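No value in this document is a laboratory result; all are computed from the given coordinates. Please read these numbers as outputs of a predicted model, since none were measured by experiment. In this analysis, Cβ positions are derived from the backbone assuming ideal geometry, glycine residues included, and neighbour counts consider all displayed protein chains.
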Amino acid sequence: VFSHVVRAPEDPILGVTVAYNKDPSPVKLNLGVGAYRTDEGKPLVLNVVRKAEQQLVNDRSRVKEYLPITGLADFNKLSAKLIFGADSPAIQENRVTTVQCLSGTGSLRVGAEFLARHYHQRTIYIPQPTWGNHPKVFTLAGLSVKTYRYYDPATRGLNFQGLLEDIGSAPSGAIVLLHACAHNPTGVDPTLQQWENIRKLMRSKGLLPFFDSAYQGFASGSLDSDAKPVRMFVADGGELLVAQSYAKNMGLYGERVGALSIVCRNADVAGRVESQLKLVIRPMYSNPPIHGASIVAFILKDRNLYNEWTIELKAMADRIISMRRQLFDALRARGTPGDWSHIIKQIGMFTFTGLNSAQVAFMTKEYHIYMTSDGRISMAGLSSKTVPHLADAIHAAVTR
Ligand code: LMR
């Protein structure tokens, strides 16, 4: 009965790892998926995560009961505080509902399913380009996806004018997906002044912001600075959604821990929204897993662990920034044609190199360097030892 099923292509991002795993070369390098590596090229479990886990394991009173449909209550409260700020008026006024979801993707999907059922506008505008999974998540949830201009290949920076024009001509009430910081895949973020202009425009047109916050702490190394765009939109009293992930900033990739928050007009609406979110979640996966959320809650609740976390997070962000500098210097030293200053200017885990798909294919074939075909490289996968190899490959790709 399944013989008609055609083979689907691998995922454009996760498929890169599949191809990498099959390559026997000792010099192979995976710069595809955005997953942090140490300068020795190894995955990193944060010390605070190890400590929290140890204490959780030692606590014999902890059981493995089901969580509520909305997840771990402490985790939800602390996650809202992390993104909106401890003194957020929306939290104080009980206008925020937060539900624990399966990392960023799950949070986006639950939010989108809710919007498709209960919001009067079904169109969501996403930046061009954006994370490859975004259009699929929103389309399958029942929303209709349109794009707004975001990236300018000529400057390898923001096409701010294009962004304002496209958002400005969106129909009233449309949903707009915004990357809270460290835009994926471009590494290009608006300045705070530009954010303020975007906010004014969106509020004047009644557009609904849906923030994807997958990198809080990774852009600047500061959790508060990276949350500023979201907080600007909360401070004006308006509504919004935000999807949070702890994959990158706590290194909890495989734990699938994240949260969806919806900021509502008042506490009564927030309560009703939450009741409907439960109806979205229950038939999908009943309730979320307990382990990752317990780790996060443990760290966010304990002042010492929290402080240690911020230090480890900053160290990850700083290592990525130093990789940017090292790669830039290595290309300059080789006299590689082109202006590579965007490598230092872009923000977060990724550099959008400007290499085309043929150049990427060449680098994979000849240098065993794996990256997405749009020319995005995960700076977090690079190390001092592998920078020369990557620089050689880029040099060869652009001069051949
Ligand atoms: C990425 O863009 O590499 C990450 O967000 C991982 C993923 O799931 O695609």
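So here's what we get for this one:
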quantity	calculated
Test item: Cα-centred dipole of segment 267-400, Lys/Arg +1 and Asp/Glu -1 on Cβ, debye	80 debye
For the chain, share of DSSP beta bridges that run antiparallel, in % to the nearest 5	50 percent
The chain, helix-only ellipticity at 222 nm - DSSP H runs n ≥ 4, -39,500 (n - 2.57), divided by all residues, nearest 500	-14000 deg cm²/dmol
Over segment 240-385, relative contact order from alpha-carbon pairs under 8 Å, at least 6 apart, %	15 percent
Value of relative contact order over segment 307-356, rounded to a whole percent, pairs C-alpha under 8 Å and six or more apart	32 percent
Chymotrypsin sites (Phe, Trp or Tyr not before Pro) within segment 208-302: DSSP coil, no more than 14 neighbouring Cβ in 10 Å	none
Residue (of ASN266, GLN326, PHE352) at the positive-pole extreme of segment 247-372, dipole from beta-carbon charges	ASN266
By average C-beta atoms within 10 angstrom, highest first, the peptides 102-109, 131-138	102-109, 131-138
Cα gyration tensor category, rounded, prolate or oblate, for segment 200-322 with a/c compared to 1.5	oblate
Ranked SER220, SER378, criterion: other C-beta atoms within 10 Å, fewest first	SER220, SER378
Positive-end residue of PHE362, VAL280, TYR253, charge dipole of the chain with Cβ unit charges	VAL280
Residue exposure sequence - CYS264, CYS101, CYS181 - by fewest surrounding Cβ within 10 Å	CYS264, CYS181, CYS101
Longest to shortest principal axis, alpha-carbon extents of the chain, angstrom	63, 56, 55
Aspartates and glutamates with Cα under 15 Å of LYS248, excluding same-chain neighbours fewer than 8 positions away	ASP212, ASP226, GLU312, ASP318
Relative contact order %, the chain, counting alpha carbon pairs below 8 Å whose residues are six or more apart	25 percent
Listed residues ASN307, ASN287, ASN249, most fluctuating in the chain (Gaussian network, C-alpha, under 10 Å)	ASN307
Long pairs among LYS81/LYS385; LYS205/LYS278; LYS77/LYS278, criterion Cα-Cα beyond 28 Å	LYS81/LYS385; LYS205/LYS278
Dipole magnitude (debye, nearest 20) for the chain, charges at Cβ of Lys, Arg, Asp, Glu	340 debye
